[in-house]
1. Using the structure shown, decide if A:Tyr248 is at negative phi, more than 10 Å from every other protein chain (Cβ to nearest Cβ) and not charged (D, E, K, R).
2. Testing A:Glu179 on (1) open to solvent by 20 Å² or more (accessible area, probe 1.4 Å); (2) touching a Gly at 6+ places or on another chain (Cβ under 6 Å); (3) in a loop (DSSP other than H, G, I, E, B), one condition comes back false. Which one is that?
3. At least 3 residues that are within 11 Å of chain A (Cβ to nearest Cβ) in each: list the helices (runs of 4 or more DSSP H) lying fully within the range B:165-243 that qualify.
4. For the range A:219-236, how many residues are assigned to a loop (DSSP other than H, G, I, E, B), more than 8 Å from every other protein chain (Cβ to nearest Cβ) and open to solvent by less than 10 Å² (accessible area, probe 1.4 Å)?
5. Return the pairs, sorted by first residue and then second, in which the second residue is in a helix (DSSP H, G or I) and buried (at least 20 other Cβ atoms within 10 Å of the Cβ), the first residue lies in the range A:245-259 and is at pLDDT below 95, the beta carbons are less than 6 Å apart, and the residues are 6+ apart or on different chains.
6. State all residues of the range A:111-165 that are more than 22 Å from A:Ile311 (Cβ to Cβ), open to solvent by less than 10 Å² (accessible area, probe 1.4 Å) and small (Gly, Ala, Ser); if no residue qualifies, say none.
7. Which residues, counting only those in the range A:303-319, are open to solvent by less than 70 Å² (accessible area, probe 1.4 Å) and part of a loop (DSSP other than H, G, I, E, B)?
8. Using the structure shown, decide if B:Ile135 is within 14 Å of another protein chain (Cβ to nearest Cβ) and modelled with pLDDT of 80 or more.
Amino acid sequence: MSKELDTLLVPLHVSYIQNLGKNKDDLMYHLTAHLRMNAIYWGLTALCTMNHRDALDRDEMVEYVMSCWDEEAGGFGAHPDHDAHILSTLSAIQILLTQDAIDRLDIDRVVKFILSLQQPSGVFAGDSFGEIDTRFSYIAVNALSLLGRLGDLDADKTVGYIVQCRNFDGGFGSRVGAESHAAQVFVCCAALTILDKLDEIDTPTLSWWLAERQLPNGGLNGRPEKLEDVCYSFWVLASLSMLKKVHYINSDKLTSFILSAQDPEGGGIADRPGDMVDVFHTHFGVAGLSILGYPGLVDLDPVYCMPAALIEKMGLRKGWQALERRAG
Amino acid sequence: MAALKVHPKVYWIWNHRGWCLNNVPSGPGTEDEGDPRGWEKDLWNKRVVCVLAWSYRRVVLASMPIPRPETSELAYTTRKIEANFSNFSAWHQRSKVLLSLWSKGELDPKNSREDEFDLVHDAMYTDPKDQSVWIYHPLARWFRSACFLPLSIQNSRDIQGDDKEILEREITIIQSLLDEEPDSKWCMESLVHYKSLLLRNHSLSANTSTLRRECIALLKQLREVDSGRKARYDEIELELAKS
């Protein structure tokens, strides 16, 4: 690793995120329109974790979020005039809460939209077109919890489906029968954590499987015999923090791996060293470093993937454990 | 179909194909949907380790008008595993098919478990460094995780009764592999696991002080060959001291 990549280049990453929204003539801006709302959430949360929450204009962001409201469906699209989807709806809720603008939201309608996506089996669909996935179950549970409306959810039915997705290796898949994958492990662990059903998890087996995601170069993969990727730093570490086993991962090696995937010129973090950076990997790289106690970062709640202080203030903190924050 | 060949990792394309399968009367492309094995022609063979392709395979299998017997799916995963032991998706699919066959009483758990051990031993000896097989191997772990099995199987003496015998046999087989591959972390890790199970569940009939000593020695070696996961091995040793 070159010398300049042994620290987190916070000012560069902040300016990288600030510049993302500025190049609207750029082709990539339009190709990623379907992820715009998520991208804003990733950017904002990464900024909060780096203690630069105000680097993006709050009012402009809130207005953009509100311009993505789908009046017919009662949820948010990823971009103005896109159909509502549960993914962008959660991101919108997270942004509005982080920016202290939740009073702009018609909570009853959003709750109705989310609940309408639950299928008879207990799993959630992403939108009215019906793709189902345990990711969407987590999103529904997360959103309803953030809105203080978990009581409206049929929790037993929701948990019932997630438990059916559990595999012999202790992990979880995207739907019944699907194989374990670190990101699906995260969503299922987090949903069960929010619903106080962590006892449904086979902790010794799952924490073993998660610990084996770390490769000799320090990076984490999502499944056995696959390549490392910075985003798994979050999926794996967040799951381990809910199981109180973050120490199963070699923190120094993973920290070095994440830092080595930074772009020392333009800022941002890539999936692995030398690749193109993007806001998704920037956010999940910084999030992983926060869980590892990297100096100078702000605590991130691994269950909701939002600033820990905000979740604590809302009375939603669960019993997760991250590594202690190191002095700089 | 064309889009999938170029972008096999995009969830939504698979999802759309699944939707077509269930909603378009005779499509999509009647060319191969009747029998998922038709996939082997091109895409399937190239993408046989793609998790989304396996996921779609389950959609196809579930939607076939005349359900395909699960025993033939089991045979299919055997072929895939024998062609390439490092195919975690195939091992996974196998676990699902086996559980289903056992719970329906269509396959005798005792006999088929022996077949599983044979397959696993072949894989272990072929490539002792491959993770897939070591994660699949703890069948004993799996049999014992009550929550994964229907009640009828959980209570079966076939599974619980000769537990000790199986543990001891597996320990012997893995030990001889470790003798050939003295640095194999997976052998050591598995030995610690099975020896701990013996200690925990058969403490009356097992030689506990020898087992404990052997586990501690293996954990010491593991901390050397797999230092990144040292904290986990420390924790296992602490648990051992408590048992």
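The values are calculated or read from the model by the stated rules, or taken from the named source; none is laboratory data. Since this is a predicted model, take the numbers as computed values, not measurements. Here Cβ is always computed from backbone atoms with ideal geometry, including for glycine, and neighbour counts include all displayed protein chains. Just so you know, the surface numbers come from the protein's heavy atoms only, side chains and all, with ligands and any DNA or RNA stripped out. Shrake-Rupley method; radii C 1.70, N 1.55, O 1.52, S 1.80 Å.
1. Considered against the rule, which asks whether it is at negative phi, more than 10 Å from every other protein chain (Cβ to nearest Cβ) and not charged (D, E, K, R), A:Tyr248 comes out as no.
2. Among (1) open to solvent by 20 Å² or more (accessible area, probe 1.4 Å); (2) touching a Gly at 6+ places or on another chain (Cβ under 6 Å); (3) in a loop (DSSP other than H, G, I, E, B), A:Glu179 violates only (1).
3. Because the criterion is at least 3 residues that are within 11 Å of chain A (Cβ to nearest Cβ), the helices (runs of 4 or more DSSP H) in the range B:165-243 that meet it are B:185-201, B:230-242.
4. 3
5. none
6. A:Gly122, A:Ala125, A:Gly126
7. We begin by selecting, within the range A:303-319, every residue open to solvent by less than 70 Å² (accessible area, probe 1.4 Å); these are A:303-308, A:310-311, A:314-316, A:318-319.
Once the filter is applied, which keeps residues that are open to solvent by less than 70 Å² (accessible area, probe 1.4 Å) and part of a loop (DSSP other than H, G, I, E, B), the range A:303-319 yields A:Val303, A:Tyr304, A:Cys305, A:Met314, A:Gly315, A:Leu316, A:Lys318, A:Gly319.
8. Values: within 14 Å of another protein chain (Cβ to nearest Cβ): yes; modelled with pLDDT of 80 or more: yes.
When the stated conditions are applied, B:Ile135 passes them.
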